[in-house]
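Colleague: Take a look at the following structure, please.
The values are calculated or read from the model by the stated rules, or taken from the named source; none is laboratory data. All values derive from a computational prediction rather than experimental measurement. For neighbour counting, all protein chains shown are included, and Cβ atoms are generated from backbone atoms with ideal geometry for every residue, glycine included. Surface areas here come from the heavy atoms of the whole protein model, side chains and all, with no ligands, DNA or RNA. Shrake-Rupley method; radii C 1.70, N 1.55, O 1.52, S 1.80 Å.
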Amino acid sequence: MNIAVIGLGLIGGSIAKTLKKYAPQHTVLGYDTNEQTMYKARLLDAIDADLTDERLSICDIVIVATWPQAAVDYVTNHATQIKKGAIVMDVCGVKKAVCEPLWQVAQENGFLFVGGHPMAGMEYSGFDHASAGLFQNASMILTPPRGTGIQTLEYLKHFWRELGFARVVITTPENHDKVIAYTSQLAHVTSSAYIRSPFAMEHHGFSAGSFRDMTRVARLDENMWTELFQFNREPLLAELSQLIDHLCQYRDALASGDNEAMRALLKEGRERKEIADRKGDEP
């Protein structure tokens, strides 16, 4: 099978490297706007050949690993060159803003578009950090259009599991965006706000695992995350408002010296963490 990977950054580069390592029967055609990245991808055999507009028409699967607006633009601008019956997927961190326009484009041009979001990554970006092991035991979220056949969904589940994903979750773009506002985007906002304390510059010798955990994802690409936040504005605003309300409860208990209220808040937080961990262990 011929597989196109557009965008060879951390995620796209990792997909290409993983395909070459764990599914070498496929031919991987890659494209990136950065020529140095393309040179490295060829040198390290992460791709079999460069993806051109002409070669796009022979690809059975097209994976667009760019920022959201760039993904919409690429598929829209190349829709007539995509093979009839091909499966096109993105790997962006928001789904509604990508799926709604591209489902229509796909329907008009005879291919299938399925939204995708690999729940894997790190605080570093770029092809240099891409790894064939990035997706091991991770979850892959898919948001197919309504009416997608069971056989197609099973095929896509098998495809991503072949790349190391332990779980493939099928959901709607709306549900994806609501949940991801909490599990990912809120964490990035909180980490970025937390590291802005002046004590962040004086933490050496006073910090351990909790500081590292809280600040890890503050090392982000501000341009990409601004785009993601804006595309998912309403769900993220709802989560931010709720977090602020919760923080005010802790602040008020501390300010008033109400130890019982503080103890109750901390107890609730601990218990909810324990419940969340148990649910995470379920198959």
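Colleague: Let me know the charge dipole size of the chain about its Cα centre in debye, to the nearest 20, where only the beta-carbon of Lys, Arg (+1) and Asp, Glu (-1) is charged.
Modeller: 540
Colleague: With just the Cα atoms defining each centre, how far is the range 16-93 from the range 154-176? Give it in Å.
Modeller: Here the two parts' Cα centres lie 19 Å apart.
Colleague: Over the range 65-114, what portion of Cα pair distances is larger than 15 Å, expressed as a whole percent?
Modeller: Considering the range 65-114, 32 percent of its Cα-Cα pairs are separated by more than 15 Å.
Colleague: Here's something else I'd like to know. Relative to the compact-globule scaling 2.2 N^0.38 Å, provide the ratio for the alpha-carbon radius of gyration of the range 58-200.
Modeller: The range 58-200 yields a ratio of 1.13.
Colleague: Picking from GLY205, GLY164, GLY85, which is most flexible by a Gaussian network model of the chain using Cα springs under 10 Å?
Modeller: The residue with the greatest mean-square fluctuation here is GLY205.
Colleague: So what's the back-of-envelope 222 nm ellipticity for the chain, counting only DSSP H runs of four-plus at -39500 (n - 2.57) apiece and dividing by all residues, rounded to 500?
Modeller: Only helices count here, giving -15500 deg cm²/dmol.
Colleague: Let me ask another. Which length gain, in nm to one decimal place, applies between GLU274 and THR76 when the Cα-Cα distance is subtracted from 0.36 nm times their residue separation?
Modeller: 66.8 nm
Colleague: Now for a separate question. Over the chain, what is the mean sequence separation of C-alpha contacts under 8 Å (at least six apart), divided by residue count, expressed as relative contact order in percent?
Modeller: 15
Colleague: Pulled fully out, how much extra length does the chain show between ASP213 and ASP252, if you take 0.36 nm times their separation in residues and subtract their Cα-Cα distance?
Modeller: Contour length minus Cα-Cα distance gives 11.5 nm.
Colleague: Right, next: For the range 179-212, run through the chymotrypsin sites (Phe, Trp or Tyr not before Pro) and keep only the ones in DSSP coil with at most 12 other Cβ atoms within 10 Å of their Cβ.
Modeller: For chymotrypsin sites (Phe, Trp or Tyr not before Pro) across the range 179-212 that sit outside H, G, I, E and B with at most 12 neighbouring Cβ atoms in 10 Å, the list reads PHE206.
Colleague: Can you give me the relative contact order of the range 1-96 as a percent, contacts being Cα pairs under 8 Å and 6 or more apart?
Modeller: 31
Colleague: Under a straight-distance cross-link criterion of Cα-Cα below 29 Å, which lysines are reachable from LYS95, leaving out those fewer than 8 residues away in the same chain?
Modeller: LYS17, LYS20, LYS21, LYS83, LYS84, LYS157, LYS178, LYS273, LYS279
Colleague: Can you tell me the FRET efficiency between ASP221 and GLN242 if r is taken as the Cβ-Cβ distance and R0 is 30 Å, rounded to the nearest 0.05?
Modeller: 0.70
Colleague: What does the extension gain come out to for THR148 and THR33, with contour length at 0.36 nm per residue minus their alpha carbon separation?
Modeller: Result: 38.2 nm gained on full extension.
Colleague: Ignoring everything but the protein chains, give the 1.4 Å probe accessible area of ASP277 in square angstrom, nearest 10.
Modeller: Per-residue accessible area (ASP277): approximately 70 Å².
Colleague: What is the local net charge at ALA253, summed over the other residues whose Cβ is closer than 11 Å to its Cβ (Lys, Arg +1; Asp, Glu -1)?
Modeller: Result for the neighbourhood of ALA253: -1.
Colleague: Out of every Cα-Cα pair in the range 121-255, what percent are more than 24 Å apart?
Modeller: 48
Colleague: Write down the percent of antiparallel bridges among all DSSP beta bridges whose residues are both part of the chain, to the nearest 5.
Modeller: Given both bridge residues lie in the chain, the antiparallel proportion sits at roughly 20 percent.
Colleague: Here's a follow-up. Cα convex hull of the range 187-283: mean projected area in nm², to one decimal?
Modeller: Projected area, direction-averaged: 8.8 nm².
Colleague: How many times 2.2 N^0.38 Å is the alpha carbon radius of gyration of the chain?
Modeller: 1.12
Colleague: So, one more: Hey, could you get me the Stokes-Einstein D for the range 1-92, Kirkwood radius over alpha-carbon pairs, 4 °C and 1.567 mPa s, rounded to whole µm² s⁻¹?
Modeller: 101
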